Amino acid sequence: MTNQGGRPLKFKTVEDLQKAIDDYYKSCWTPKRDMFGKKIKDENGDDVMVQTKPYTISGLALALGVTRHTIKNYESYGDEFLTTVKRARATCEAYAEESLF
């Protein structure tokens, strides 16, 4: 997992990267509100969440504080980064494809 030349990796571990990716996904959801602005709760008392922003590679890059190109580069920093980044990219791509239907 060495970065041959250039800037050091922003995310030193896969766990750090995955947490940042998960935080991005969570940021795309907000509590649903009724016509008076009150949060709607489910039967367990938890907020009902609605997705208000799409999952996108550009949005992911912005949330991670890197460029789209940097996200692609993380795939070359070891198998663990490869799997994590490919899964995140696939999630964004699946969202876009499903939105077409």
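None of the figures in this text is laboratory data; all of them are computed from the coordinates on show. What you are looking at is a predicted structure, and each value in this text was computed from that prediction instead of being measured. Backbone-built Cβ (ideal geometry, glycine too); neighbour counts: all protein chains shown.
Scan the stretch 80-92 for residues that are of a type outside the set (Ser, Thr, Tyr) and more than 12 Å from the chain's Cα centre (by Cα) and report the count.
Within the stretch 80-92, residues that are of a type outside the set (Ser, Thr, Tyr) and more than 12 Å from the chain's Cα centre (by Cα) number 3.
Return the residues of the stretch 60-101 that are in contact with a helix residue (DSSP H, G or I) (Cβ under 7 Å, 6 or more places away or on another chain) and within 20 Å of Trp29 (Cβ to Cβ); say none if nothing qualifies.
Matches in the stretch 60-101: Leu60, Ala61, Ala63, Leu64, Ala88, Arg89, Cys92.
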